[in-house]
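K.L.:
Handing you a structure now.
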Amino acid sequence: VQLQASGGGLVQAGGSLRLSCVDSKRTFNNNAVAWFRQTSGKEREFLAGINWRGGDAIYADSVKGRFTISRDNTENTAYLQMNSLKPEDTAVYYCASAYSSATAKSPNRYRYWGQGTLVTVSS
């Protein structure tokens, strides 16, 4: 497994979690990184992406202003800070490393995926 996501759990609505994604195989290199989520029966949803320098962050409208993506290339780790969580944020969250340095929203632009970490937000 190239990417290891962690930090999920059970949180009450309005709470916060920080997800981490450790790149053990150095797949990050000069590539963009993103977070997605998926619930049963639905397609994988793009949440946030960041380029290889840690800039040009883009967000889905559903999480803009509540979630923040960041990365520490010295630690080969990416993060997703999630604030003001809502029950509809409940999902399995995935990190992914892109084929290129540019941020993209399509899952097809991402080569390596973490195993997923479950986030459950109770009302």
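The values are calculated or read from the model by the stated rules, or taken from the named source; none is laboratory data. No experiment lies behind these values; they were computed from the predicted model shown. Every residue, glycine as well, gets a Cβ built from its backbone with ideal geometry; the counts of neighbours run over all protein chains shown. What goes into the accessible areas is simple: the full protein's heavy atoms, side chains included, and nothing from ligands, DNA or RNA. Shrake-Rupley method; radii C 1.70, N 1.55, O 1.52, S 1.80 Å.
K.L.:
Taking the criterion of being of a type in the set (Gly, Ala, Ser) and within 14 Å of the chain's Cα centre (by Cα), would at least one residue in region 78-88 satisfy it?
P.N.:
Yes, there is a match, as at least one residue in region 78-88 is of a type in the set (Gly, Ala, Ser) and within 14 Å of the chain's Cα centre (by Cα).
K.L.:
When you go through ASP61, ASP56 one by one, which is the residue that is at pLDDT 95 or above, open to solvent by 60 Å² or more (accessible area, probe 1.4 Å) and not basic (Lys, Arg)?
P.N.:
ASP61 is the lone residue from the list that is at pLDDT 95 or above, open to solvent by 60 Å² or more (accessible area, probe 1.4 Å) and not basic (Lys, Arg).
K.L.:
Okay, moving on. So if I check each of SER24, SER6, which one is open to solvent by 30 Å² or more (accessible area, probe 1.4 Å), at pLDDT below 95 and of a type in the set (Ser, Thr, Tyr)?
P.N.:
Selected residue: SER24, the only one of SER24, SER6 that is open to solvent by 30 Å² or more (accessible area, probe 1.4 Å), at pLDDT below 95 and of a type in the set (Ser, Thr, Tyr).
K.L.:
Sticking with this one: Output the residues belonging to region 72-93 that are open to solvent by less than 50 Å² (accessible area, probe 1.4 Å) and either assigned to a loop (DSSP other than H, G, I, E, B) or under 16 Å from LYS25 (Cβ atoms) (or both).
P.N.:
Hits for region 72-93 are ASN76, THR77, ALA78, LEU85, THR90.
K.L.:
Moving on to the next point. Go through (1) open to solvent by less than 70 Å² (accessible area, probe 1.4 Å); (2) closer than 18 Å to THR103 by Cα; (3) free of Cβ contacts under 8 Å to residues at least 60 places away in the same chain; (4) not in a loop (DSSP other than H, G, I, E, B) and name the single condition THR68 misses.
P.N.:
Answer for THR68: the failing condition is (1).
K.L.:
Is there a residue being open to solvent by less than 40 Å² (accessible area, probe 1.4 Å) and not in a strand (DSSP E or B) anywhere in region 108-122?
P.N.:
There is at least one residue in region 108-122 that is open to solvent by less than 40 Å² (accessible area, probe 1.4 Å) and not in a strand (DSSP E or B).
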